[in-house]
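Read through the structure below, which is laid out as structure tokens, and then see the notes.
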């Protein structure tokens, strides 16, 4: 798949997720073959003001390619300057966030609020397009609410502004992540645009991805929350699409992935911050496995590398390998549980 001048090895992408898709998480996802990954959303004004914390979001590695940098903001000139900064810092692609429904973002006129202001949306896209020759995408929602579904209009504006692809999560902003996404809107948008359309929303297993391709005709599929604690979902989607089947990680493989992710987090953030931040990933990685409730309690006490190692060792030593009949995480039709502890997980 191509987006502008950027050639991608496949059309299964990792979505930008605030607080999740940092360099350690992306590095793990890359090992399962995703064709394109995105940073967490990056404040355009933060880049322009030279805020060190904002620049941290741009951190990448040679293995973390190609990388899309997702910018958010509401001022065209500021975002144009931010686009140039991101390009200078090594971005392979620029993306504009017009889909974040979180109040603290939307109330500033950024994110999904731009769906309510097509003129400003156009001004932003024109400004960024003039500022950089990098491939440019925009991630949108269905609209602001059920009475203001205007994804087709915004998609057409994006195309006219020289955007190279549109990514659509077909829920309205006021839906958040509730209800069901309207894949029919992906199909309609694909039928109206000449540029590639990437679908997102409710892709939780390999068959979901295959069905989205079949039902919508989209050019690519983006996965987000389905990868929390389940980065091998990406590899299984690619395997399923190629007809080679899927694989369920053994407990040993699962533990190895967790340990690698934890070490990447410690290397990136330092031991104290890295282990503390990683606790949410521990909960996701072990969701629905036997003894999850007990492990959740132990994970809350993790404060350094040694305590993390001990918690992992104690946990995996005392759970049994899933039977061959277990269909595993990310497999459609599976409850993804060994012993029914599904009272917690990603929000």
Evaluate the Kirkwood expression for the hydrodynamic radius of the range 1-50, namely the inverse of the mean inverse distance over all pairs of different C-alpha atoms, and round to one decimal in Å. 12.1
The range 23-74 and the range 119-155: distance between their alpha carbon centers, rounded to Å: 20
Computed [θ] at 222 nm, deg cm²/dmol, the chain (DSSP H ≥ 4; -39,500 (n - 2.57); rounded to nearest 500): -12500 deg cm²/dmol
The extension gain from residue 260 to residue 313, computed as 0.36 nm times the residue separation minus the Cα-Cα distance, is 17.7 nm
What full-extension length gain, to one decimal in nm, is calculated for residue 156 and residue 104 as 0.36 nm per residue of separation minus the Cα-Cα distance? 16.0 nm
Helix 251-269 versus the longest principal axis of the chain: what is the Cα-based angle in degrees, 0 to 90, to the nearest 10? 50
Antiparallel bridges, percent of DSSP beta bridges restricted to the chain (to nearest 5): 10
For the chain, what is the largest minus smallest coordinate of the Cα atoms on each principal axis, given in angstrom and ordered from greatest to least? 58, 44, 36
Theoretical FRET efficiency, 1/(1+(r/R0)^6), r = Cβ-Cβ of residue 250 and residue 65, R0 30 Å, to 0.05: 0.55
What angle, in degrees between 0 and 90 and rounded to the nearest 10, separates the Cα long axis of helix 271-285 from the longest principal axis of the Cα atoms of the chain? 80
The range 1-132: C-alpha gyration tensor shape, a/c 1.5 cut-off, then a/b vs b/c: prolate
Between 0 and 90°, nearest 10: helix 232-242 axis offset from the chain longest Cα axis: 70
Stokes-Einstein translational diffusion, the range 51-200 - Kirkwood Rh over all Cα pairs, 0.890 mPa s, 25 °C, in µm²/s: 159
Using only alpha-carbon positions, what ratio does the radius of gyration of the range 170-256 give when scaled by 2.2 N^0.38 Å? 1.21
Using a 10 Å cut-off on Cβ atoms, rank the peptides 215-225, 145-155 from the highest mean neighbour count down. 215-225, 145-155
Could you tell me the calculated FRET efficiency between residue 77 and residue 51, based on Cβ-Cβ distance and R0 = 22 angstrom, to the nearest 0.05? 0.80
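Read the figures in this text as sums done on the coordinates, not as results from a lab. Every value quoted in this text rests on a predicted model; they were computed, and no experiment measured them. Cβ: placed from backbone, ideal geometry, glycine included. Neighbour counts: every protein chain shown.
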